[in-house]
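The values are calculated or read from the model by the stated rules, or taken from the named source; none is laboratory data. The structure presented is a predicted model; accordingly, all values stated were derived computationally and were not measured. Methodologically, a virtual Cβ is constructed for each residue, glycine included, from the backbone with ideal geometry; neighbour enumeration extends over all protein chains shown. Surface areas here come from the heavy atoms of the whole protein model, side chains and all, with no ligands, DNA or RNA. Shrake-Rupley method; radii C 1.70, N 1.55, O 1.52, S 1.80 Å.
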Amino acid sequence: PGFVRALHKDYRTATPQNFSSYESMKKDFKLEIPEYFNFAEDVLDQWTKMEKVGKRPSNPAFWWINGNGEEVRWSFEELGSLSRKFANILTEACSLKRGDPVIVILPKIPEWWLANVACLRTGTVLIPGTTQLTQKDILYRLQSSKAKCIITNDVLAPAVDAVASKCENLHSKLIVSQNSREGWVNLKEMMKCASDTHSCVKTKHNEMMGIFFTSGTTGLPKMIGHTHSFGLGLSVNGRYWLDLTPLDVMWNTSDTGWAKTAWSSVFSPWIQGSCVFVHYLPHFEPTSVLQTLSKFPITVFCSAPTGYRMLVQNDMERTWKFKSLKHCVSAGEPINPEVIEQWRNSTSLDIYEGYGQTETVLICGNFKGMKIKPGSMGKPSPAFNVKILDENGNVLPPGQEGDIGIQVLPNRPLGFFTHYVDNPSKTTSTLRGSFYITGDRAYMDEDGYFWFVARSDDIILSSGYRIGPFEVESALNEHPSVAESAVVRSPDPIRGEVVKAFIVLNPDYKSHEQEQLKKEIQEHVKKTTAPYKYPRKVEFIEELPKTVSGKIKRNELRKKEWKTT
Ligand code: ATP
Ligand code: MG
């Protein structure tokens, strides 16, 4: 298929794409969707062949460290052989068949990547879950996905056993552990004798590949169905946004439970023949992250805005010299322009913001070679027709705020989800004319750059003004006393609703006189942004409520406001 040809042309020179403009990048984009596509065979095994004949640099395909001196490095060939063994365990010891749902709840250990590839090879449907799930969450996921198999470790196996009798579809359990456990197939034991001969199933491009849970920023996480072409769609991220080549080493810090990890730690780097780098850190520790970036030849780094916020607050006074880092990206939430600036001051690197959803691949991005406008999400991905729409589905002109929509009719674009699993009414409710409505508000400027305003639910309507919290938060965060903030609507007898800011103070400011400080912060916002946006109410709190992946849950703060009055 066309994409393999495109890859081959590039990896020989292994130079970055170096597009001179957004238009030249768009012109480069040409992706034929083959009838059959399986990422394991059509991408990974292709790289193995290239590796064998010396047509790929001697960069590992997978490089894992745990910070305690343990290290794993696999070539594409080793990844292939180990994942074929794993695939045989899935079909034999776990009796799984093509199309069977498999839940994988593992921390960032190498077996998680093997499980991903083994599911691709067997055509089983991968459902990743975060290790922070409780017994109740696991039951919800097992039942709602009708999983036939679960793969997890010692820590979570007892929780699975406690609920397994309530899950009638669950017929096999695979444990990643040094110890055996009754009723469980032991992966490490089985790997010792499993055969590494396996023939990959020939999956259709539109056959179900995985189910991903959304982050749950606005409520219970939703289940999103993706087909085998998802991996192909993610070449858009890999080639245009992450700027990856086979010489690159890519580190993305997100948790194994989210689609973001499929994006940036599986499909996007591997389709480009790059190395997937993983530092197994149970928690995001800024100092360890900075040290790893200095010590290892990581060239491309991706973290959520909350990660960058922690990094710039921690020891960034000094100038960091990273060994090989050349490209930094962020996605998942808007990133405050101030953080981009601080990061640039201490590293001389820009942060290329991208915007997307679990439902999609990258929707908008700042692509290499494009001028960055700090605070903007960049321009639409070449794979999507992205427009700003009014409530009737009309396309709005530049400068006008509306809903971000992606054209999905007559043809659903590549990398686009199939449906919200078990929720057909939700699936239809996101359609407006021939567009899918993302639930996010934005406007496009005269140059075609998109500017995120807010999630539709987060918009504040005060005295006839529409206010997006992010702009106010960015103004607040510029004040030296503010470590982090979240802005929501709060009831007001005259204005209907007003802007309220929840602020986490920097430690040095906690002892300051609070009323005085509030006034000072309010004055600061009035000066930095249009005065009508300033927070009329301010509350200092110790911590902001966040999702597991670190996103601010404004809806929790908002709900409290509206309940107490
Ligand atoms: P849920 O749908 O369960 O409430 P979620 O929307 O946070 O959770 P994800 O699919 O992980 O789940 O996140 C996608 C959303 O994240 C987008 O719809 C958008 O609101 C936000 N987002 C992602 N990237 C950006 C960005 N660069 N700027 C602003 N918002 C972003
Ligand atoms: Mg969402």
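Summary of values
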| quantity | calculated |
| --- | --- |
| Segment 351-410, relative contact order [Cα under 8 Å, separation at least 6], % | 23 |
| Cross-link pairs beyond the 27 Å C-alpha cut-off, checked among LYS260/LYS295; LYS30/LYS202; LYS27/LYS426; LYS136/LYS204; LYS148/LYS188; LYS260/LYS371 | LYS27/LYS426; LYS136/LYS204 |
| Fraction of beta bridges assigned by DSSP in segment 131-274 that are antiparallel (%, nearest 5) | 40 |
| Solvent-accessible heavy-atom area per residue, rounded to whole Å², over the chain at 1.4 Å | 41 |
| Helical mean residue ellipticity (222 nm; -39500 (n - 2.57) per DSSP H run of 4+; nearest 500) of the chain | -8500 deg cm²/dmol |
| From the C-alpha gyration tensor of segment 386-475, square roots of 5λ in Å | 25, 16, 12 |
| Cut-off under 5 Å, modelled amide H: who pairs with VAL125 long-range | GLY99, ASP100, VAL102 |
| Simple label model, 7 Å out from Cα along Cβ direction - SER199 to GLU556, nm | 5.2 |
| Eligible aspartates and glutamates near LYS373 by straight Cα distance, threshold 13 Å, same-chain separation 8 or greater | GLU338, GLU341, ASP350, GLU353, ASP445, GLU446, ASP447 |
| Antiparallel content of DSSP bridges confined to the chain, in %, to 5 | 55 |
| Rounded, prolate or oblate (a/c below 1.5 giving rounded, otherwise prolate when a/b exceeds b/c) for segment 114-215 by Cα gyration tensor | oblate |
| Percentage of interatomic Cα-Cα distances in the chain larger than 33 Å | 43 |
| Cα pair distances in segment 88-160, grouped into 5 Å bins until the bin that holds the longest one, percent each | 3, 17, 30, 25, 18, 6, 0 |
| HN-Hα J in Hz across segment 19-24 - Karplus 6.51, -1.76, 1.60, θ = phi - 60°, x for Gly and Pro | 6, 7, 8, 4, 5, 5 |
| Full-extension gain in nm, ARG73 to ILE494, via 0.36 nm per residue minus C-alpha separation | 145.2 nm |
| 15 Å Cα-Cα reach of LYS26 towards aspartates and glutamates, excluding residues that sit fewer than 8 places from it in its own chain | ASP243 |
| With every protein chain in place, the chain: carbon and sulfur % of accessible area (1.4 Å) | 49 |
| Sequence of GLU41, GLU543, GLU35 from largest to smallest accessible area, 1.4 Å probe | GLU543, GLU35, GLU41 |
| Neighbourhood charge, 10 Å Cβ-Cβ cut-off, centred on PHE212 and excluding it, Lys, Arg +1 and Asp, Glu -1 | +1 |
| Cut-off under 5 Å, modelled amide H: who pairs with ASP440 long-range | ILE404, SER456 |
| Hydrodynamic radius (Kirkwood) for segment 213-287, which is based on Cα pairs only, to one decimal in Å | 13.4 |
| Accessible surface ranking that places the most exposed of LYS26, LYS326 first, with a 1.4 angstrom probe | LYS26, LYS326 |
| Relative packing of peptides 191-204, 550-563 - highest average C-beta neighbours within 10 Å first | 550-563, 191-204 |
| Exposure rank, largest accessible area first [THR134, THR245; 1.4 Å] | THR134, THR245 |
| Rg/Rg_globular for segment 312-449, with Rg_globular taken as 2.2 N^0.38 Å and Rg from C-alpha atoms | 1.22 |
| Mean Cβ neighbour count within 10 Å, used as a protection proxy, ranking 357-364, 161-168, 95-102 highest first | 357-364, 95-102, 161-168 |
